[in-house]
1. Select from segment 226-255 the residues that are without any contact (Cβ under 8 Å) to a residue 24 or more places away in the chain and within 24 Å of Gly77 (Cβ to Cβ) and write down the one among them that is surrounded by the fewest Cβ atoms within 10 Å (Cβ to Cβ).
2. Quickly run through segment 63-119 and pick out the residues that are small (Gly, Ala, Ser) and either buried (at least 16 other Cβ atoms within 10 Å of the Cβ) or not assigned by TED's automatic domain parsing to the domain that holds Tyr27 (or both).
3. Under 9 Å by Cβ, and 6 or more places apart or on different chains, what pairs join a residue from segment 155-176 that is at positive phi with one that is of a type outside the set (A, V, I, L, M, F, W, C)?
4. Could we say that Arg44 is assigned by TED's automatic domain parsing to the domain that holds Val120 and not in a loop (DSSP other than H, G, I, E, B) here?
5. Take segment 120-141 and flag every residue that is in a loop (DSSP other than H, G, I, E, B) and of a type in the set (A, V, I, L, M, F, W, C).
6. Looking only at segment 20-32, decide whether some residue is closer than 18 Å to Gln245 by Cα and either in contact with a His (Cβ under 8 Å, 6 or more places away or on another chain) or in contact (Cβ under 8 Å) with a residue 24 or more places away in the chain (or both).
7. So in segment 1-47, with the set limited to residues that are surrounded by fewer than 24 Cβ atoms within 10 Å (Cβ to Cβ) and of a type in the set (Val, Ile, Thr), which one is nearest to Arg79 (Cα to Cα)?
8. Just one of the numbered conditions (1) in a loop (DSSP other than H, G, I, E, B); (2) in contact with a strand residue (DSSP E or B) (Cβ under 6 Å, 6 or more places away or on another chain) is not true of Glu101; which one?
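The values are calculated or read from the model by the stated rules, or taken from the named source; none is laboratory data. Note that the structure is a prediction, hence the values are computed from the model and not measured. Cβ coordinates were reconstructed from backbone atoms using ideal geometry, including for glycine residues, and neighbour counts include every protein chain displayed.
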Amino acid sequence: MTGLRLMAVHAHPDDESSKGAATTAKYAAEGNDVLVVTLTGGERGSILNPAMDTAGVLDRIEEVRREEMAEAARALGVRQQWLGFVDSGLPEGDPLPPLPEGSFALVPLEESTEALVRVVREFKPHVITTYDENGGYPHPDHIMCHTVSMAAYEAAGDPDRFPDAGAPWTPLKLYYDHGFSLSRVEIFAQEYERIGEPFPMQEWLDRSRKRAAEHGDIMGRVTTQVDCAKYFPQRDEALRAHATQIDPNGAFFAIPMEMQQRLWPTEEFELAKTRVRTELPETDLFAGIEDPQIEVADR
């Protein structure tokens, strides 16, 4: 399988390394063309790794995050492109404060959609991955990432939409990334109980159980599981590249690699849109795409 193209649309630098990262690394290693599109620069991200909370880092956070993104893309073996919008930040408080003027979540939908359509028409992806309607979590940029991705998926192949944004291209499938399921964390918790050791992600497990009790486990929406355990080390290398955002002593690295690869060797996705026939459940994001040279209009 070569010559297929996958576009992963993300809100901020570091999202590409925590959501579907091993899958993108796998497809790139197998000879496919993989592009990460980063909608914002992450300018309003806090420094979440205490080791990086040093003089001068926050003052040049935009430049630092670009450097981190370049290193993460190298680790995953993928291409990466900035869309150029400004991070909205995560509002906190009750009531929530207004978003900063000019931030991505406030950009008119037609403007952000045209920007993404331009990239879709240039790269010509067969498959796009993005976030679900909840953004994975309710960050305004993640929710807008979903909205813009869905709009661009529909508009990119329409010659009447954004005629100045390049020749029309029709993507064939669109997926939501669903990496943080209760089922996955519980599998690890059961293994720690079996070996008689305290579970290092208990707080995460408690939060996941509470969220699942309110909204259901996201695994109920999963249609596609990609076996990518071989690429978990590349995923972790990419995560560590985002040194301002990822604490190497944090929860992302709490479970030993061998245990992860043995007990949960896949990453999870939900097939949200398709223009080709495929059978569920799937094990391949490109399932049903027979010939990368054939466009929908030729079928």
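1. Phe253
2. Within segment 63-119, Ala72, Ala73, Ala75, Gly77, Ser88, Gly89, Ser103, Ala105, Ser112, Ala115 meet the criteria.
3. Sorted first by the residue in segment 155-176, then by its partner, the pairs are Phe162/Glu110; Phe162/Thr113; Phe162/Glu114; Phe162/Arg118; Phe162/Arg121; Gly166/Arg118; Gly166/Arg121; Gly166/Glu122.
4. It is false that Arg44 is assigned by TED's automatic domain parsing to the domain that holds Val120 and not in a loop (DSSP other than H, G, I, E, B).
5. none
6. There is at least one residue in segment 20-32 that is closer than 18 Å to Gln245 by Cα and either in contact with a His (Cβ under 8 Å, 6 or more places away or on another chain) or in contact (Cβ under 8 Å) with a residue 24 or more places away in the chain (or both).
7. Thr2
8. Only one criterion is unmet by Glu101, namely (2).
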